[in-house]
Amino acid sequence: MLKLINDANFASKEYEAFKQMYDDPKNNSWMFSPYDRKGDFWPIFQMYVKAGEVFLYVNEKAEYVGICRLTTTEKGPYQCVATINSLAISSNHHRQGYGKQILDALKEYTREKYRHVLRLELAYEGDNPVAIVGDFYDKNGFQCEGFCLDWFGSRAIHFKETRFPWYTTEYFACYFYEDKMKEINLKKGVLQATSNSFLEKNELSFRFANIGDTEAITRLYENSLTSWAHEALENRSQLIGESINTKKVFLVSTGHTIVAACEIDESPKGIEHTAIIQNLLILDHEPTTAAFLVENVVEHYKKLKSNIKRLELNTIAEDKSLIHSVEISGFKCAAKFPARFCDVHGSFWDEHIFEYSLFGLQDALNCCTQRKKSEFNLTSGIEKFYVPLPLGFLAQLEEKLTGIQSSEPLTFVEEQLIYQLVRVVCTQDCYSLESRHKNYLQLQSSFATTFAASKALEEIYMMGIGQLTQKLDSNVGLLHPIMQHTILQEQNVVLPPSDFSLTHN
């Protein structure tokens, strides 16, 4: 059964049990790094208690066999969502069915206590083999709604034996309470753009908001489909003023009229390399204004050359003009969430997540170098890669990337494609067989026209795609020759020379 331990103190056996399971690298190597001393974890535990409910799972022998957390909110745009975090099973009780028991208990607990909750959500990293290879959440009724690439930073600095270099994919899954879904008022209409007479008379301008814009922006967000709209006028004004003071609000104006605005969060959930575009509002859903705002935000971060490597934004699925503007600006849809966003009138809307990659050639080189170091460190046999890469291949790829960096100027699009190829090749362990095959097809299509004129880039492509096609089976190693031949034949691909199938040095 679930045992709520929010009132556990520092000296309690409940706190010690939670910390021990949380820190065990055998079942939890993809969250926080292990804490050497008992007291080091105490501030983290208190933060979790403040954020929501913290549980131990107790079996029939009165043993603590698992941990989990549950967070909810009664008001605001995500009032229908409960989120599961920190789910882990004691390493002494793996493969005994306790994971399923915890999920079933959480489903029932949430149903009974939180009648307003429609969605029970969770997220898991691409380097979680239980979730990815074992389909654990799929088997327990959770639907995968999408994933963001390069979302979660590798903890290689903390885990000496970590397999996975660079950033891993973040998957989003949800369990629906279908009976509750039937009772809600779910919006299904399309938000239509209207012609804006201001645009006919004035040119658009993009800038940071200043404190003098606070009142106009505050009223602009009245009844909007944003989290700011849920705040009372006084609170909204204060929140917007605080964001403006820290240069977190961009706006678009035409003449003296503000026609679009958004807030930027550059440190969401400790994901230091991501900036989230939130509270995005376009007056009258005007597509020209939307594209102008989004494209200028992208250009701002391109020029900034900071540690921000990806952009992310949420939008209502029914706002077709905004979604179109976002897509033509280069954002890719990463996830689709039915009935996730609640407006100020109590109606629920579908929500989409989009992301934009700012990774380039240097990031590709870093990814290759990290994978080479990880592969070399693991030759002792303590751990293994599901999809091992020959050290000779990695050294050759690193050399070619270094050569291109020093001699061949690339466009931003070309650098992005090089990074995508190297990321997929060097982090294959983070993907299922199906995802790797899909990545392979996408890369083949992208590279076919972009790099036709560059021999050096074509060589990198052939090297990478050769490794990807030869290593499509994540658990066994080499793909069966008949299946490999079929895949290549379907796509009319010529396999690179056998030199690229090098064994470890």
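Key figures for this structure:
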quantity: MET47, sole failed condition from (1) closer than 25 Å to VAL130 by Cα; (2) at pLDDT below 95; calculated: (1)
quantity: Qualifying positions in the stretch 106-154 - in contact with a strand residue (DSSP E or B) (Cβ under 8 Å, 6 or more places away or on another chain) and of a type in the set (Lys, Arg); calculated: LYS107, ARG119
quantity: Counted residues, the stretch 330-356 - those being more than 24 Å from ALA82 (Cβ to Cβ), surrounded by fewer than 20 Cβ atoms within 10 Å (Cβ to Cβ) and either touching a helix residue (DSSP H, G or I) at 6+ places or on another chain (Cβ under 9 Å) or among the hydroxyl-bearing types (Ser, Thr, Tyr) (or both); calculated: 2
quantity: Residue match in the stretch 368-375 (condition: touching a Cys at 6+ places or on another chain (Cβ under 7 Å), modelled with pLDDT of 90 or more and over 30 Å from THR226 (Cα atoms)); calculated: yes
quantity: Selection from the stretch 106-151 of residues that are aliphatic (A, V, I, L, M) and open to solvent by 60 Å² or more (accessible area, probe 1.4 Å); calculated: VAL130, VAL133
quantity: Failed item in (1) closer than 25 Å to PHE152 by Cβ; (2) assigned to a strand (DSSP E or B), with PHE250 passing the rest; calculated: (1)
quantity: Hits in the stretch 253-279 (condition: open to solvent by 50 Å² or more (accessible area, probe 1.4 Å) and part of a strand (DSSP E or B)); calculated: GLN278
quantity: Helices (runs of 4 or more DSSP H) completely within the stretch 394-505 that count 1 or more residues being modelled with pLDDT of 85 or more, over 27 Å from the mean Cα position of the chain (by Cα) and of a type outside the set (D, E, K, R); calculated: 455-470
quantity: Filtered residue count, the stretch 280-294, keeping only those that are surrounded by fewer than 23 Cβ atoms within 10 Å (Cβ to Cβ) and either without any contact (Cβ under 8 Å) to a residue 60 or more places away in the chain or touching a Gly at 6+ places or on another chain (Cβ under 7 Å) (or both); calculated: 1
quantity: Residues that are touching a residue at least 12 places away in the same chain (Cβ under 8 Å), among the hydroxyl-bearing types (Ser, Thr, Tyr) and surrounded by fewer than 20 Cβ atoms within 10 Å (Cβ to Cβ), drawn from the stretch 302-327; calculated: none
quantity: Wholly within the stretch 54-146, helices (runs of 4 or more DSSP H) carrying at least 2 residues that are at pLDDT below 90, over 21 Å from PRO338 (Cα atoms) and among the aliphatic types (A, V, I, L, M); calculated: 129-132
quantity: Checklist (1) under 16 Å from PHE348 (Cα atoms); (2) open to solvent by less than 60 Å² (accessible area, probe 1.4 Å); (3) more than 30 Å from the chain's Cα centre (by Cα) applied to MET181, failing item; calculated: (3)
quantity: Residues (over 19 Å from the mean Cα position of the chain (by Cα) and assigned to a strand (DSSP E or B)) located in the stretch 323-377; calculated: ALA339, CYS342, PHE348, TRP349
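The values are calculated or read from the model by the stated rules, or taken from the named source; none is laboratory data. These numbers were taken from a predicted model, which means no experiment stands behind them. All Cβ positions, even for glycine, are placed from backbone atoms using ideal geometry, and neighbour counts span all protein chains on display. Ligands, DNA and RNA are stripped out before the accessible areas are found, and what is left, the full protein with its side chains, is counted by its heavy atoms. Shrake-Rupley method; radii C 1.70, N 1.55, O 1.52, S 1.80 Å.
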